[in-house]
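Beneath this line is the structure, given in structure tokens, with notes to follow.
The values are calculated or read from the model by the stated rules, or taken from the named source; none is laboratory data. Please read these numbers as outputs of a predicted model, since none were measured by experiment. Methodologically, a virtual Cβ is constructed for each residue, glycine included, from the backbone with ideal geometry; neighbour enumeration extends over all protein chains shown.
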Amino acid sequence: MHRQTLAFLYPLMAIILWAGNVIVSRLSAHTIGPQAITFFRLLLAVLLMSVFVGRQTWRNREAVWPHLGEFAILGFLSMCLFQSLSYLAAETTTATNMAVFTALTPLLTVALSAALLGEPPTYGVIFGGVLSFVGLLYLVGGGDVTAVTRDGIHPGDALMLLAALTYALYGVLLKRWNPPVPGWQSTYMQALCGLTAMFPAYLATPAPLRQLNAETLPLIAYAGGLASVVLPFFWIRGVQKLGPNRCAIFMNLLPVFTAAAAIMMLGEPIKPFHVVGGALALAGVACAQIFRRPFARSSRVDADAG
């Protein structure tokens, strides 16, 4: 029992660090370009991981090399596109909204798995998807579910939805390809490919938005060290100890920790529509994780019975 309790600390610590990374994203807005901070965080992460995983990856190069194209796509989705979209979204939306959209990733992953991998959707995905959609409309509409149809969605919220879809696609492709390489070596190769892909984008960033100074260095240190190396370590260990489904439930805590940090560090107000809309969206995510009875299978059974 004691070991089981300690195992829950791994995903919990990962989510706490993830919440801190959302705050870092907000703090980096208008301070350093999205492409620049993504490049620097990847550079730092690669340097740190090279110390303890670089040699093993090189020794395992015969197994790694055939999957280089897969690592390139996975690294681009999770470490380039997702991160860049998140940093860009931070310029025009709140940290709480960013966390709510990010927490939708498990639901979106299951939905994309049904569409791309042919896995039958579950009752939880169908009902949870509707519930989360209503919650998001309430959240981004400031308490009015019809506001989006009149005023449109805020750019930052739209970017975060795209970022969540990107990360969900990453999860689906990772599951489909499942490269036969140890977890850390896979993460290292994805980071290397992502760093290579981000270099041209970094060069294209205006000089004032890619400077290293006393304001940007702590943000890069957190994003590249804690969020890119320590966070994956906790999450991988949590998945090993508890399994992916039980760890995914901890994603529901991301908006809670982020909102608390945003109040204390950024002075962002939490209004009733944040609570109601966020709760509905997360309830939808929980439904997708709890109610796993396949919808298609039951429909076929009913049709056969008729």
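All told, T96 falls short of being of a type in the set (S, T, N, Q), modelled with pLDDT under 85, assigned to a helix (DSSP H, G or I) and at negative phi. Residues in segment 47-90 that are more than 15 Å from the chain's Cα centre (by Cα), closer than 21 Å to L217 by Cα and surrounded by 19 or more Cβ atoms within 10 Å (Cβ to Cβ): M49 alone.
Residues that are more than 19 Å from T94 (Cβ to Cβ), among the β-branched types (V, I, T) and without any contact (Cβ under 8 Å) to a residue 24 or more places away in the chain number at least 2 in none of the helices (runs of 4 or more DSSP H) confined to segment 15-76.
Would you confirm whether or not segment 148-169 contains a residue that is without any contact (Cβ under 8 Å) to a residue 12 or more places away in the chain and polar (S, T, N, Q)? Yes: one or more hits.
When you check A36 against the structure, is it within 27 Å of R237 (Cβ to Cβ) and surrounded by 20 or more Cβ atoms within 10 Å (Cβ to Cβ), yes or no? Here the answer is no, as A36 does not meet what is asked. Taken over segment 207-232, the criterion of being in contact with a Leu (Cβ under 6 Å, 6 or more places away or on another chain) and not in a helix (DSSP H, G or I) is satisfied by no residue. Against the criterion of being under 26 Å from Y87 (Cβ atoms), of a type in the set (F, W, Y), surrounded by 15 or more Cβ atoms within 10 Å (Cβ to Cβ) and touching a residue at least 40 places away in the same chain (Cβ under 8 Å), F8 does not qualify. Here the condition is being over 22 Å from the mean Cα position of the chain (by Cα) and of a type outside the set (S, T, Y); of A164, A147, it holds for A147 alone.
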